[in-house]
Structures are given as C-alpha cells and as structure tokens.
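I have placed the structure first, in the form of structure tokens, so that the comments after it can refer back to it.
The values are calculated or read from the model by the stated rules, or taken from the named source; none is laboratory data. What you see is a predicted model; the values in this text were computed from it and never measured. Note that each Cβ is placed from the backbone with ideal geometry, even for glycine, and that neighbours are counted across all protein chains shown.
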Amino acid sequence: MTPLVYCDSSVLLKRVLDESDSNNYEQLLSRLIDQGATLISSELALIEVRRALGRGAKSTDNVDETDKSLEEIFADIGLVKINEDVVNVAGRLPGRHLGSLDAIHVATALLSESTIVLTGDIQMRSACQEIGLVVA
C-alpha cells in the first residue's frame, strides 16, 4: 500500500524558509517521495502558504518570487478540496485548543485516510493523536 502523507502548511513552508528544522523536514519529505509516498494537503494550505510568503514581501516586485516559491512548494503535493464533509467533521473534532483552520487540516487528513500527518503545530499534533492519526 502506498503511504498517503498529509502535510500541513507549517511543514510545506519549511521547503522554502530557512528555519532550524527546515532541513530535517525536507529530508523526510524527500525520503517519503523516494519510497513512493503520495503527499497531500488541504487547499487551505495554498492560502496559508501564500499569505505567509506575502508577509515577507516588501513590494509587488516580489509577486513573481512568491509565485515561484509556491510552485516549488506545491509541485508534488495533491490538494484536497474543502467540501461539506470536511466542514462537518472539522466542526465536530475534539480539542479545546484546536483552531478552526487547524481543524480543517485535521478533518482533511482524517477523511482522506492519510497514513501519516506531518505537522509542526502542537495543537494539531495533539488533535491528530487524539483521533488515532499517526503524526511525524
């Protein structure tokens, strides 16, 4: 069975940002791809990542650079639509400290039957574990 790996926005951003653990995540993603894993995320990630990259932009001249970064980040990521099922499950997830956007990510991972969830977010990690998803 091919592993289905859900990546949240924090993990995807590490593909282009130079943070202390970026290299570790990039190596993990490369290893998973080499092993035949399919990488997915919610279409919400496209919005979150674009907004995060845009916060660093000083002018409209950086739009092309942002678009190039987006292409690099999402080149091998399948995007899952936010549909009625995702909305319903996200609203019913346990976890007092789980935010709405993270709930959409968790619901998408659950409904897509992801084998592994990659996240750097503590609340999302906890919520995934609480409902039985494997987190790395």
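Considering only residues that are of a type in the set (S, T, N, Q), touching a helix residue (DSSP H, G or I) at 6+ places or on another chain (Cβ under 9 Å) and in contact (Cβ under 8 Å) with a residue 24 or more places away in the chain, which ones fall in the range 8-37?
Going residue by residue through the range 8-37, those that are of a type in the set (S, T, N, Q) are 9-10, 20, 22-24, 27, 30, 35.
Filter again for touching a helix residue (DSSP H, G or I) at 6+ places or on another chain (Cβ under 9 Å), leaving 9-10, 22.
Scanning the range 8-37 gives SER9, SER10.
Being among the acidic types (Asp, Glu) and outside any loop (DSSP other than H, G, I, E, B) is the filter; apply it to the range 69-128 and report the residue that is surrounded by the most Cβ atoms within 10 Å (Cβ to Cβ). Steps first, answer last, please.
Initial filter on the range 69-128 (among the acidic types (Asp, Glu)): 71-72, 76, 84-85, 102, 113, 121.
Pick out the ones that are also outside any loop (DSSP other than H, G, I, E, B) and you get 71-72, 84-85, 102.
Details: GLU71: 9, GLU72: 11, GLU84: 7, ASP85: 13, ASP102: 24.
My answer is ASP102.
Could you tell me which of the residues ILE104, ILE116 is in contact (Cβ under 8 Å) with a residue 12 or more places away in the chain, among the β-branched types (Val, Ile, Thr) and over 20 Å from ALA37 (Cβ atoms)? Explain how you work it out, then say what you get.
On the way: ILE116 fails: over 20 Å from ALA37 (Cβ atoms).
Exactly one residue qualifies, and that residue is ILE104.
Would you tally the residues in the range 27-59 being modelled with pLDDT of 90 or more and either farther than 20 Å from ASP102 by Cα or in contact with a strand residue (DSSP E or B) (Cβ under 7 Å, 6 or more places away or on another chain) (or both)?
The total comes to 18.
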